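Step one of this worksheet: look at the structure below.
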Amino acid sequence: MNDHYDFRPATAADLPMLRVWLETPEVVRWWGDPDEQETLLREDLDEPGMTMWIVSHDGHPFGYAQHYEVHRWPQPHFQAMPADTVAIDAFIGVPDMIGGGHGSAFLRQLAERLLAEGAPCVAIDPDAANLRARRAYARAGFVEQGLVAGDDGDDMLMIFATGD
């Protein structure tokens, strides 16, 4: 499998596509209400601290990723992390792309890019019950650190390990 993924900034023109993705069962299951999420994405387009990406493979958009400096939006489980640590949130919006290794591959590429750009640490915090995501993130190089309290229950804090 070609493991190169392209990341382009999300724009307002992407909102209709993102809305379709937000309505897919797997995204609804873990991200919640599509109306609420679409509103948040729309608001975040104008938020300078949030970087939003449309992820493509072989020229076909299939996923969404966003990242932000963890201390900009304080969450208890990120408080002890170094300044400029970056957290990632992501989903695959095209159901046919789930289960083929694309999530772990594009997240590894994104995490490596963030480290190369100067982030001292890259974190992700999936819902603890989202075992598919946790396995994909582990394949990408994220290491489970332990359960933390999230907005809707327990999350699993995971930190990207480069193998150094």
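The values are calculated or read from the model by the stated rules, or taken from the named source; none is laboratory data. Remember, it's a predicted structure, so these values are computed and weren't measured experimentally. Positions of Cβ are generated from backbone atoms using ideal geometry, with glycine treated the same way; all protein chains shown enter the neighbour counts.
Scanning region 41-71 for residues that are surrounded by fewer than 14 Cβ atoms within 10 Å (Cβ to Cβ) and not in a strand (DSSP E or B) gives R42, E43, D46, P48, G49, D58, G59. The listed residues are A161, A138, and the only one of them that is modelled with pLDDT under 95, farther than 24 Å from A10 by Cβ and of a type in the set (G, A, S) turns out to be A161. Counting the residues of region 1-36 that are in contact (Cβ under 8 Å) with a residue 40 or more places away in the chain and among the aliphatic types (A, V, I, L, M) gives 7. Those residues that are in a strand (DSSP E or B) and either surrounded by fewer than 19 Cβ atoms within 10 Å (Cβ to Cβ) or touching a Leu at 6+ places or on another chain (Cβ under 7 Å) (or both), I need them from region 78-106; list them, please. Matches in region 78-106: V86, I88, D89, A90.
Applying the selection to region 110-131, what residues are crowded, with 17+ Cβ neighbours inside 10 Å and within 17 Å of A10 (Cβ to Cβ)? Result: L110, L114. The residues on offer are Q37, Q75, and the sole one that is farther than 22 Å from A136 by Cα, surrounded by 15 or more Cβ atoms within 10 Å (Cβ to Cβ) and at pLDDT below 95 is Q75. Kindly indicate whether any position in region 107-123 is farther than 20 Å from D6 by Cα, of a type outside the set (A, V, I, L, M, F, W, C) and in a strand (DSSP E or B). No, the conditions are met nowhere in region 107-123.
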